[in-house]
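Notes to accompany the following structure.
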Amino acid sequence: MKVSLQTDDNLNEMEIVIKCQQSTPRVERIISLLRIMDHQLTGKKNGETHILDIEQVLYGETVERKLFLYTLDGVYETNLKLYELEERLSSIGFLRISKSTIVNLARVKSLKSDMNRKIRLTLEGNEKLIVSRQYAEIFKKRLGGSNG
């Protein structure tokens, strides 16, 4: 892969151009990572509101009707609903893996097929999650057909 940088004092906004023969899962991942860098969420922890860069978020999970964002540094409560989080983040590398969980695909370290067509994920920080049967096929397709 060849990477080049051009600076232009006349630009008001950064522009990134990717040139490739064809779009592949690797190219899509690069694009998702670039998009992630430009997004933030807020979450509450210990009575304080924190601004979280999306790339920090490992996953989001609904527990007792509350949505929590999990990072390597801690757990933050957000006022968003899971479907709202999914709508905002699905185009930038997040994917629903169960009725209550959405995961940041860029933070998945490994995956393994589990019993009953489920998939076991290991995230950065060695956090373990399960992709339910209902979402396993979508998950595999999003990763480019990987079986684990």
(message) Between Val103, Val63, which is in contact with a Leu (Cβ under 7 Å, 6 or more places away or on another chain), aliphatic (A, V, I, L, M) and within 25 Å of Arg133 (Cα to Cα)?
(response) Val103
(request) Determine the pairs where a residue that is surrounded by 13 or more Cβ atoms within 10 Å (Cβ to Cβ), located within segment 119-141, has a partner that is of a type in the set (Asp, Glu) and at pLDDT below 95 with Cβ atoms under 8 Å apart, the partner being 6 or more residues away or on another chain. (result) Arg120/Asp114; Ile130/Asp114
(message) Among the residues of segment 6-23, what is the count of those that are among the acidic types (Asp, Glu) and more than 18 Å from Leu34 (Cα to Cα)?
(response) 2
(message) Need pairs with beta-carbon distance below 8 Å; first residue of a type in the set (A, V, I, L, M, F, W, C) and within segment 1-30, second assigned to a loop (DSSP other than H, G, I, E, B); sequence gap 6+ or separate chains.
(response) Val27/Ile18; Val27/Cys20; Ile30/Ile18
(request) Filter segment 18-62 for residues that are small (Gly, Ala, Ser) and within 17 Å of the chain's Cα centre (by Cα) and give the result. (result) Ser32, Gly43, Gly60
(message) Can you find, within segment 81-99, the residue that is farthest from Gln56 (Cα to Cα) among those that are in a helix (DSSP H, G or I) and aliphatic (A, V, I, L, M)?
(response) Leu82
(request) Tell me which residues, restricted to segment 128-144, are over 14 Å from Arg96 (Cα atoms) and modelled with pLDDT of 95 or more. (result) Lys128
(request) Would you check if there is a residue in segment 86-93 being over 29 Å from Gly144 (Cα atoms) and under 18 Å from the mean Cα position of the chain (by Cα)? (result) no
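So that you can scan it fast, the table gives a plain yes or no per residue for (1) in a strand (DSSP E or B); (2) surrounded by 14 or more Cβ atoms within 10 Å (Cβ to Cβ); (3) touching a strand residue (DSSP E or B) at 6+ places or on another chain (Cβ under 6 Å):
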residue: Ser23; (1), (2), (3): no, no, no
residue: Arg26; (1), (2), (3): no, no, no
residue: Leu33; (1), (2), (3): no, yes, no
residue: Leu41; (1), (2), (3): yes, yes, yes
residue: His50; (1), (2), (3): yes, yes, yes
residue: Glu55; (1), (2), (3): no, yes, no
(request) Report the residue count in segment 41-68 for those that are of a type in the set (Phe, Trp, Tyr) and farther than 20 Å from Ser90 by Cα. (result) 0
(request) Answer with yes or no whether Lys118 is of a type in the set (Lys, Arg) and modelled with pLDDT of 95 or more. (result) no
(message) I'd like to check something: does segment 99-107 contain any residue that is farther than 18 Å from Arg29 by Cα and aliphatic (A, V, I, L, M)?
(response) no
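The values are calculated or read from the model by the stated rules, or taken from the named source; none is laboratory data. Keep in mind that this is a model prediction, so the values were computed, not measured. Ideal geometry is used to build each Cβ from the backbone, glycine not excepted, and the neighbour counts take in all protein chains shown.
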